[in-house]
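First up is the structure itself, then whatever we jot down about it.
Laboratory data are not the source of any read-out in this text; all were calculated from the coordinates shown. Quick caveat: nothing in here was measured; it's all calculated off a predicted structure. Note that we place each Cβ from the backbone using ideal geometry, even for glycine, and neighbour counts take in every protein chain shown.
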């Protein structure tokens, strides 16, 4: 480029200067030529010198820089780092999901609290518990750290057999309230983050049911909704088709004057059995399931399902005592019920119920629980069939009555009841436990007051879902009653006022137990050493400690007095050991039973509250009659990895804990 050599003149901005203008005019008029010189300059250097990145540069300038190597390479490096980071993040997420165990569902994560509605709380002072009463006491459920309620039958019914023979499956019995009350209760339960299960007894109806009235008159499709057979006449009396006996005793057949035939009933004569070999009957039950699930119910417990089908050949059932005269057989226990229970095709019907319920489980977070409430007693294999198979699901679990059916109490009998279930349960299935029900005497009456707390400790520390019958958390007892089905259904004892706070009316449908002033929720909530306080501490422990809600359970020892087991989780060095006394005072040497057991353990919880926090010598653990201990210790050698305990350890929904990542995983 060429440059002119001129005399420099200072430019004072835009201020006009007359001297400058005159001098410039005079200079331009001169004829002399300016002196020229040549200089070699790199154009790129000039461009860089003249143009540098600056804030707010226009697009044209920005594009000039973006194409330069140093900016382009940096940009590409950042781009690929972002891509690589995203891929790593996605892969990590997939890996975590793939390795993470299935979260426990709501029916697994919380104990279930079973309510007999007529005895829980009376809201309208008529002496009968009702749905509004349950709603009033929902805070008690949350106080217990429980999130699932099981309400027994409340269908419209003549209340024969305490309401288990429905007159209308689509309506609420007026004694419990209205459908609006039910809908309000469901809304209140869900508002508190709780779930609700209800009973459904599909085997039979009330003889007041519209279906039965139409069937006895041979009206259309209802003609064969029930099981009808001709009865023979002999010597002026009716002879039933066979020797089948009802659960309540005497013949299972009842003559109907209108139809002039006998109908079949497995239970009371007011409860005729439905004919489940009729497809229309099965469809009716499916419609009922859909109705209540549509109302927002989270699960159903199907009762008496083993009675759904009977053999069509109607042969006599074989007597237990072959020498007994057939005409003298009147009790249910006197026959083997080969033709009236668990017939071929039964489980197809149960699976169809499951299929209908699954239609309502597709929404995330709204899985519908299905339980079966059939007590097979001695036939554990028949009970386990209700779990279904690996590929075809039936119930989430059949309810477990092993701890209720024990004929005597000892460490050995408890061990037998627990191991019987765990050893026979199909792989991958979920156990459950109950120590009380509407059809069994309460703990304190059945086995003694001194065992209330240790039974609750057993219930809430075993693997699986515990089921608590209302009132067991405070140690309620049976009442005296001539009706064998009523003593365990006495009104819930809320406080020390008249009628135990169950009703503000003058009386209750059943008398309140006379011990209500000392055995009630209000007073026990103020005692640190009450049954209620221990129950809450146990549910809290179960909710907070991973080994308690999904870890291994290993059977350590049992004798006539004690039952000992541990709960542990892979990856955690913290172990909980339960030492429960179901007999007389005993001393147990656990170091002799468990190799490498630490010499000391801390009492995390005890039925004797003053012992909590104390350190015990594991070689010499003393327990009194009815005492229970939850011991805590740390070890690098968990019991379930020891060869000596192979076959004595069980786990459902297996998971392992990673201390590094602070999460659970499955491949361990």
Task: Relative contact order (%) - criterion: Cα under 8 Å, at least six apart; region: segment 466-612 - done: 14
Open item on the list: I need the Debye-formula profile for segment 210-366: one equal scatterer per C-alpha, no solvent, reported as log10 I(q)/I(0) at q = 0.10, 0.11, 0.20, 0.21 1/Å, two decimals.
Closed with: -0.44, -0.52, -1.31, -1.39
Task: C-alpha center-to-center spacing [segment 600-668, segment 237-260] in angstrom - done: 56
Open item on the list: I'd like the orientation of helix 531-544 relative to the chain: the angle between its Cα long axis and the longest Cα principal axis, in ° from 0 to 90, rounded to 10.
Closed with: 40
TODO: With everything on Cα atoms, drop me the angle between helix 279-294 and the longest principal axis of the chain, reported from 0 to 90° to the nearest 10.
DONE: 50
Task: Gyration tensor verdict on segment 550-665 (Cα atoms; rounded if a/c is under 1.5, prolate if a/b is larger than b/c, oblate otherwise) - done: prolate
Open item on the list: Given axes a ≥ b ≥ c from the Cα gyration tensor, I'd like to know whether segment 78-158 is rounded (a/c under 1.5), prolate (a/b larger than b/c) or oblate.
Closed with: prolate
Task: Kirkwood Rh in Å, taken over segment 502-568 so that all alpha-carbon pairs contribute - done: 15.6
Task: Nearest 10 degrees, 0 to 90: helix 346-358 Cα axis against the chain principal axis - done: 30
Task: Paired Rg and Dmax values of the chain, which use every Cα atom, in angstrom - done: 38.8, 160
Open item on the list: Just want the ordering: 91, 649, from fewest to most Cβ atoms lying within 10 Å of their own Cβ.
Closed with: 91, 649
TODO: Output the peptides 651-659, 412-420 sorted from most to least packed, where packing is the average of other Cβ atoms within 10 Å over each peptide's residues.
DONE: 412-420, 651-659
Task: Three-way shape label, segment 298-364, alpha-carbon gyration tensor, a/c 1.5 - done: prolate
Task: Within the chain, percent of DSSP bridges classed antiparallel, to nearest 5 - done: 65
- [ ] Among 207, 338, rank each residue by its count of other Cβ atoms within 10 Å, from fewest to most, as a rough exposure measure.
- [x] 338, 207
Open item on the list: What is the distance in Å between the Cα centroid of segment 357-375 and that of segment 398-442?
Closed with: 23
Task: Segments 441-449, 572-580 sorted - mean Cβ within 10 Å per residue, highest first - done: 572-580, 441-449
TODO: May I ask you to sort 264, 360 by Cβ crowding, counting other Cβ atoms within 10 Å and putting the fewest first?
DONE: 360, 264
Task: Per-selection Kirkwood Rh - segment 432-563 (Cα, Å, 1 d.p.) - done: 16.0
Task: Per-residue [θ]222 nm for the chain (sum of -39500 (n - 2.57) over DSSP H runs n ≥ 4, rounded to 500) - done: -8000 deg cm²/dmol
Task: Mean-position separation - Cα centroids, segment 572-586 and segment 483-501, in angstrom - done: 33
